[in-house]
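Have a look at the structure below before the remarks.
What follows draws every value from the coordinates through simple rules; no lab data is involved. The structure presented is a predicted model; accordingly, all values stated were derived computationally and were not measured. As a convention, Cβ positions derive from the backbone with ideal geometry for all residues, glycine included, and neighbour counts pool all protein chains shown.
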Amino acid sequence: MIRVTVWNEYEQDRNNEKAKAVYPKGIHNCIADFLRSDDIEVRTATLLDPECGLTQEVLDNTDVLIWWAHIRHGDVPDEIAKRVQESVLKGMGIIFLHSAHHSKPFQLLMGTTCHLCWREDDELERVWVVSPGHPIAAGLGRYFEIPEEEMYGEPFGIPEPDKLVFLGWYEGGEAFRAGCCWRRENGKVFYFQPGHETNPTYHIKEVQQVIRNAVYWCKSDYRAKELTGPHVERIQ
Ligand code: ZN
């Protein structure tokens with residue numbers, strides 16, 4: 001059983017009429033509903049919960065954390081962002097979706113600005129599979145399309161991904177590294193660009209497939225107990 005926690009700041013999909021119409025139960029519950037299966041156990045947490053719902057106990061019992069956020073990154077306390085970062089370094093998997101590129105945990109794990117350029121214009125996005133043999137691309141064709149999505153464009157201020165799985169193309173002309181993998185110490189990190197709050201992106205079956213595949217890929221069988229190494233005597 002893979003234990004997944006879906007975290008959402010739960011702001012626009014709670015207060016903005018257009019986003020609420022697309023995700024009446026919130027983005028976190030939409031994702032939780034399509035992931036929940038015989039081998040994936042899902043819980044959700046939001047900014048409204050005490051400690052953002054991310055106590056050490058929750059993180060210690062999470063194999064893969066999924067993070068959606070947009071306008072309230074600054075309201076996640078630094079100590080909680082650090083707790084998430086350290087859990088990843090110990091071996092927890094993490095998936096950052098869409099505007100989570102500016103979240104504190106993503107920036108801590110990347111160590112760079114994570115800036116990008118953007119345009120909110122409901123454009124067609126064609127998501128190209130550039131690594132068809134990668135587990136996160138399993139079951140997909142050469143590409144899939146998202147009829148309306150926010151454009152995210154290069155340059156994207158990230159360290160070079162260990163593996164680029166998807167490249168997004170938009171009808172407005174831009175291209176973007178839409179699916180990127182990294183390893184950070186014992187943990188795996190996946191960033192996936194689609195998922196603007198007023199577009200029904202998480203209802204698209206290929207998008208759901210990518211997130212499901214990423215859960216399997218991000219899960220590690222190893223979790224370090226501590227990040228500090230002890231002083232040791234030499235072996236005789
Ligand atoms: Zn957006």
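Please give me the summed charge of the neighbours of LYS163: other residues whose Cβ is under 14 Å from its Cβ, Lys and Arg +1, Asp and Glu -1. Spell out each step's value before the answer.
On the way: positive: ARG177, ARG183, ARG184, LYS188; negative: GLU160, ASP162.
With Lys, Arg at +1 and Asp, Glu at -1, the neighbours total +2.
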Checklist line | Where labels lie 7 Å past Cα in the beta-carbon direction, separation of GLU120 and LYS225 in nm | finding: 4.9 nm
Next item on the list: Take ARG177, ARG126 and order them by how many other Cβ atoms sit within 10 Å, fewest up front.
Entry: ARG126, ARG177
Next item on the list: Any chance you could give the angle, 0 to 90 degrees and rounded to 10, that helix 205-218 forms with the longest Cα principal axis of the chain?
Entry: 10 degrees
Next item on the list: Largest first and to the nearest Å, give the Cα extent of segment 173-232 along each principal axis.
Entry: 56, 24, 18
Margin query: Whole-Hz ³J(HN,Hα) for each residue in segment 94-100, computed from phi via Karplus 6.51 cos²θ - 1.76 cosθ + 1.60 with θ = phi - 60°, x for glycine and proline: what do you get?
Written below: 8, 10, 9, 10, 6, 6, 5
Next item on the list: Amide H neighbours of TRP118 under 5 Å, at least 5 residues apart or on other chains, H built in the peptide plane: list them.
Entry: GLY153
Notebook entry, point to check: Hey, what angle do you get for helix 78-90 against the long axis of the chain, alpha-carbon based, 0 to 90 degrees rounded to 10?
Noted result: 70 degrees
Next item on the list: For segment 171-182, take each phi angle, set θ = phi - 60°, evaluate the Karplus expression 6.51 cos²θ - 1.76 cosθ + 1.60, and give the result in whole Hz per residue in order, putting x for glycine and proline.
Entry: 5, x, x, 6, 10, 8, 6, 8, x, 10, 10, 9
Next item on the list: Give the long-range amide H neighbours of VAL130: residues separated by 5 or more places, or on another chain, with amide H under 5 Å away, using H modelled in the peptide plane at 1.01 Å from N.
Entry: PHE166, LEU167
Check: Using bins 5 angstrom wide from zero, how does P(r) for the chain break down, in % of all Cα pairs?
Finding: 1, 7, 15, 19, 21, 18, 10, 5, 2, 1, 1, 1, 0, 0
Next item on the list: Give LYS20/LYS82; LYS104/LYS188; LYS82/LYS205; LYS90/LYS205; LYS25/LYS188 a once-over and call out the pairs whose C-alpha atoms are over 27 Å from each other.
Entry: LYS20/LYS82; LYS82/LYS205; LYS90/LYS205; LYS25/LYS188
Item checked: Interchain or long-range residues, amide H under 5 Å from VAL6's placed H -> ARG43, THR44, ALA45, ILE66
Next item on the list: Quick one: Debye curve from the alpha-carbon atoms of segment 1-120 only, equal weights, vacuum; give me log10 I(q)/I(0) at q = 0.14, 0.19 Å⁻¹ to two decimals.
Entry: -0.57, -1.06
Checklist line | Karplus 3J(HN,Hα) series, Hz, for segment 188-197 with 6.51 cos²θ - 1.76 cosθ + 1.60 (x for Gly, Pro) | finding: 10, 10, 10, 10, 10, 5, x, x, 5, 5
